[in-house]
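Enquirer: Please read through the structure below; I'll follow up with questions.
Coordinate-derived values only; no laboratory data. Since the structure is predicted, the reported quantities are computational estimates derived from the model, not experimental observations. In this analysis, Cβ positions are derived from the backbone assuming ideal geometry, glycine residues included, and neighbour counts consider all displayed protein chains.
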Amino acid sequence: MTISTVTVTGMTCGHCTSAVREEIAAIAGVTDVEVDLDSGRVTITSDQDLDQGAVKAAVEEAGYQITGG
Ligand SMILES: [Cu+2]
């Protein structure tokens, strides 16, 4: 099991966090996604090495940006 964290900017409400959570949850191997709206911190649990490019693409697909790991 691998736990990764990224920081996402641009989220302003629960709909934003849901959009990010759903996009990241669709990535291969991801088993859990926790999104903290206030800090922008997203904690991703996966059962295989996480594809960071896929995470970036998922966040951008949801309409937000990753600012840090
Ligand atoms: Cu929102």
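Enquirer: How about the range 23-55: which of its residues are within 17 Å of CYS13 (Cβ to Cβ) and of a type in the set (Asp, Glu)?
Expert: Passing the criteria: GLU23, GLU34, ASP36, ASP38.
Enquirer: Before we move on, is VAL33 in a strand (DSSP E or B), away from the ligand (no atom under 14 Å from the Cβ) and surrounded by 15 or more Cβ atoms within 10 Å (Cβ to Cβ)? Lay out the reasoning, then the answer.
Expert: Working: in a strand (DSSP E or B): yes; away from the ligand (no atom under 14 Å from the Cβ): yes; surrounded by 15 or more Cβ atoms within 10 Å (Cβ to Cβ): yes.
When the stated conditions are applied, VAL33 passes them.
Enquirer: Has the range 11-19 got at least one residue that is more than 16 Å from the ligand (Cβ to nearest atom) and touching a strand residue (DSSP E or B) at 6+ places or on another chain (Cβ under 9 Å)? First the steps, then the outcome.
Expert: Restricting attention to the range 11-19, the residues satisfying the condition of being more than 16 Å from the ligand (Cβ to nearest atom) are none.
Looking through the range 11-19, none of the residues is more than 16 Å from the ligand (Cβ to nearest atom) and touching a strand residue (DSSP E or B) at 6+ places or on another chain (Cβ under 9 Å).
Enquirer: Out of the residues in the range 20-30 that are of a type in the set (A, V, I, L, M, F, W, C) and under 15 Å from TYR64 (Cα atoms), which is nearest to the ligand (Cβ to nearest atom)?
Expert: Let us first name the residues in the range 20-30 that are of a type in the set (A, V, I, L, M, F, W, C), namely 20, 24-28, 30.
When the remaining residues are screened for being under 15 Å from TYR64 (Cα atoms), the result is 20, 24.
On the way: VAL20: 10, ILE24: 16 Å.
Checking each candidate, the answer is VAL20.
Enquirer: Something else now. Please go through the range 15-69 and pick out each residue that is over 17 Å from THR2 (Cβ atoms), of a type in the set (Asp, Glu) and touching a residue at least 24 places away in the same chain (Cβ under 8 Å).
Expert: The answer is GLU22, GLU23, GLU61.
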